[in-house]
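**Student:** Structure provided below as structure tokens; questions to follow.
Please treat every number below as a calculation from the coordinates, not as lab data. Bear in mind the structure is a predicted one, so any value in this text is a computation, not a measurement. Don't worry about glycine lacking a Cβ; one is built from the backbone with ideal geometry, like all the others, and counts go over all protein chains shown.
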Amino acid sequence: MSLHYIMDLHGKTVQQGYNLTLSFIKIHALSGKKTVKIITGRSGKMKKEFERWMSNPVFKPYIKEIHEDFHKGSFVIKLLPR
């Protein structure tokens, strides 16, 4: 499966990463996309923060499933249908 909806958080602050992630997921979910990918990096603060963000209830209306990509350092997110 080829993903065309990918966001890379490298070089972003944690606050920028959070804001971009929320906007990216909302926009793609509301426009009917089924899957997106977010690159956090293999280790470090952004990956840990991303995992924590995903438990935030603000994301719940948009996310069906989250899987860490087999390469690690990125997450494939299945979005809830609108």
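**Student:** Return an integer: the convex hull volume of the alpha-carbon atoms of the chain, in Å³ per residue. Before the final figure, lay out the partial values.
**Tutor:** On the way: hull volume 7.0 nm³, N = 82.
Dividing the Cα hull volume of the chain by its residue count gives 85 Å³.
**Student:** How large is the charge dipole for region 6-79, taken about the Cα centre, if only the Cβ atoms of Lys, Arg (+1) and Asp, Glu (-1) carry charge, to the nearest 20 debye?
**Tutor:** In total the dipole reaches around 60 debye.
**Student:** For the chain, give me the percentage of DSSP beta bridges that are antiparallel, rounded to the nearest 5 percent. Spell out each step's value before the answer.
**Tutor:** Working: 10 of 13 bridges.
Taking every DSSP beta bridge within the chain, about 75 percent pair in antiparallel fashion.
**Student:** Find out how many positive minus negative residues lie around K34, taking Lys and Arg as positive, Asp and Glu as negative, among other residues whose Cβ is under 10 Å from that of K34. Don't skip to the answer; put the middle values down first.
**Tutor:** Values: positive: K33, K64, K78; negative: none.
Charge balance in the 10 Å sphere: +3.
**Student:** Hey, what angle do you get for helix 14-30 against the long axis of the chain, alpha-carbon based, 0 to 90 degrees rounded to 10?
**Tutor:** With rounding to tens, the tilt is 20 degrees.
**Student:** Short version: ³J(HN,Hα) in whole Hz for each residue of region 41-50, in order, from phi by Karplus 6.51 cos²θ - 1.76 cosθ + 1.60 (θ = phi - 60°), x for Gly and Pro, what are they?
**Tutor:** Calculated HN-Hα couplings, in order: x, 6, 8, x, 5, 4, 5, 5, 5, 4 Hz.
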